[in-house]
2 protein chains.
Amino acid sequence: MKRSKETVMQALRSRDMLLSSVTKAAEDLDKTINLLGERLEDWYGVYFPELRAEEKMKYAEAVLAIDRENLDEGRLTEILGQKAASDIVAQSKSSLGAKLSAKDLDQCRSMARTIMTLAAQRAEYEAYQKELALELCPNMAEVGGPEIAAKLVSHVGSLARLAILPASAIQVLGAEKALFKHLKNRNIPPPKHGIIFQHVKISASPKAVRGKIARALANKLCLAAKADAFSKRDISADLKKDFEDRCAQIMAEYERAKAKGKVSPEMPAPAAQPSTRLNR
Amino acid sequence: MKRSKETVMQALRSRDMLLSSVTKAAEDLDKTINLLGERLEDWYGVYFPELRAEEKMKYAEAVLAIDRENLDEGRLTEILGQKAASDIVAQSKSSLGAKLSAKDLDQCRSMARTIMTLAAQRAEYEAYQKELALELCPNMAEVGGPEIAAKLVSHVGSLARLAILPASAIQVLGAEKALFKHLKNRNIPPPKHGIIFQHVKISASPKAVRGKIARALANKLCLAAKADAFSKRDISADLKKDFEDRCAQIMAEYERAKAKGKVSPEMPAPAAQPSTRLNR
């Protein structure tokens, strides 16, 4: 009884619980902002159906800043950019929207205010998440960026658990659905990347090399996690350099193959190698 | 082109769009409060796992009001009641939670503050919804309560559309899944109530009579919707009296049958009658 109590205390005391909490909280806020943003578009659309914005945040900002009856084009341009603003101003001259009383509009605007508050909180959590990530897993945060590091830790629950995973598992964390589909039916190719796809070196690269870069990044993150959890040494500079060298090499090979006409940018990379290749 | 433009304007001008928007907004806020409330329980649980509350709102209030290191039992009793508060105070003496810095706690408390803000907005929307319902569909709001009236209108999209539905459709609005299951396979009994289940006369009655009371309420709501949409006369007093008489009659029959041992409280009511019985 006492022993199990101590185990619980130990687990709660480790600060990666906080990292995981704030990461999930930020994700929940994203969901909420989307949900309430759609509701606001529906609602405000009764009054001003011509107003459109690409992001929910910008839409909410515009709702608070402008008034259909008395449009301030300068303010609208600041928020939505020149082109969108002048389109909206032109269309608003013959708006199809209903006239609403000040009271009805106020209720609708209070929703926009809520969305802005949630977005501010989201930004605050992001800063806090970054701070915690740099404190708890500095190597991972340096190599993959604090957000990816935080998401990986939050996905498996703790840094200690992440540090004993092989690189091949880290590579596909967050893509479990695709992974199990592949394990059930080997004709379906395995996923090439999970959470780490958000890394700009992967998401901004041509499809054909993403798998290779994902493997390289997962290798480095795996070593970084072990250093963060056990040795606490700072090896991030080495890891970063190795990763960048490997990326350059992959891209050079890709360019050579493309010059010979051997790959199309859409060709999938070969399936990931077995997970034992941890040495860099 | 001009005609269709006018139709759109007509639709937007009708104020039931607002009723429908605010009803959906209130539902979205409920979802959000639940989602963020669960997140808060996870997060604050790292610090104070012994704190528990039945409602997410009370939990958030407690998080903001108390401090584990220096518990104010009086304040906790105000929020959670005598028994829960003294339990928590007793357990907190040997709390398993981790020590958190003021900064870490602040981030967590900001989530609780957000939940309180959302709940306040929810309450405001409820008042506004009631006001709109009493303005737009006074008969329905009187007979079924403003919240049920608002939900029915929001579910079909407009009062005009609701007013042409038969009573049997109003009875099962919101229970579409169960209805279509029944239509596909007649061995599955039809649903007895959808949105109107929230009416206290139905939800607080024994299971065996709920179907009958739901049919009676749907009949009255159907007439009320027609009056609200077309004649604009106030017939709510008559409808209310009829409904209460019918409820009393149903309950009296039920009590007689129970005295003879013919029904158990759990026996399902017979399936709803065909939808043509609209006359009261």
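Within segment A:164-195, restricting attention to residues that are in a helix (DSSP H, G or I) and buried (at least 21 other Cβ atoms within 10 Å of the Cβ), which residue is farthest from the chain's Cα centre (by Cα)?
Selected residue: A:167.
Which one of these does residue A:129 not meet: (1) under 30 Å from residue A:201 (Cα atoms); (2) away from chain B (no Cβ under 14 Å); (3) touching a helix residue (DSSP H, G or I) at 6+ places or on another chain (Cβ under 6 Å)?
(2)
Just to verify a result, which residue in segment A:236-253, among those that are under 9 Å from residue A:220 (Cβ atoms) and hydrophobic (A, V, I, L, M, F, W, C), is surrounded by the most Cβ atoms within 10 Å (Cβ to Cβ)?
The extreme case among them is A:239.
Which residue pairs have Cβ atoms under 7 Å apart, sit 6 or more places apart or on different chains, and have a first residue in segment B:94-112 that is without any contact (Cβ under 8 Å) to a residue 60 or more places away in the chain and a second that is polar (S, T, N, Q)?
Final answer for the pair search is B:110/A:121.
Yes/no per residue for (1) free of Cβ contacts under 8 Å to residues at least 24 places away in the same chain; (2) farther than 30 Å from residue A:7 by Cβ; (3) touching a strand residue (DSSP E or B) at 6+ places or on another chain (Cβ under 8 Å):
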position	(1), (2), (3)
B:20	no, yes, no
B:30	no, yes, no
B:34	yes, yes, no
B:41	yes, no, no
B:45	no, no, no
B:48	no, no, no
B:61	no, yes, no
B:70	yes, no, no
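Which count do you get for residues in segment B:13-35 that are among the basic types (Lys, Arg) and more than 14 Å from the chain's Cα centre (by Cα)?
Matching residues across segment B:13-35 total 2.
Could you tell me how many of the residues in segment B:113-126 are under 19 Å from residue B:53 (Cβ atoms), within 11 Å of chain A (Cβ to nearest Cβ) and surrounded by fewer than 18 Cβ atoms within 10 Å (Cβ to Cβ)?
3
Go through B:95, B:110 for me and flag whichever is within 10 Å of chain A (Cβ to nearest Cβ), hydroxyl-bearing (Ser, Thr, Tyr) and within 30 Å of residue A:2 (Cα to Cα).
Step by step, each of B:95, B:110 is checked, and only B:95 is within 10 Å of chain A (Cβ to nearest Cβ), hydroxyl-bearing (Ser, Thr, Tyr) and within 30 Å of residue A:2 (Cα to Cα).
Residue-wise test of (1) more than 8 Å from every other protein chain (Cβ to nearest Cβ); (2) exposed (fewer than 15 other Cβ atoms within 10 Å of the Cβ).
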site	(1), (2)
B:18	no, no
B:57	yes, no
B:65	yes, yes
B:77	yes, no
B:83	yes, yes
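If we keep just the residues of segment A:196-212 that are in a helix (DSSP H, G or I) and among the hydrophobic types (A, V, I, L, M, F, W, C), which is nearest to residue A:168 (Cα to Cα)?
Among those that are in a helix (DSSP H, G or I) and among the hydrophobic types (A, V, I, L, M, F, W, C), it is A:196.
Name the one entry in B:90, B:84 that is of a type in the set (A, V, I, L, M, F, W, C), modelled with pLDDT under 95 and within 19 Å of residue B:46 (Cα to Cα).
B:90
The values are calculated or read from the model by the stated rules, or taken from the named source; none is laboratory data. In this text, all values refer to a predicted model and were calculated from it rather than measured experimentally. Please note: Cβ atoms are built from the backbone with ideal geometry, for glycine as well, and neighbour counts cover all protein chains shown.
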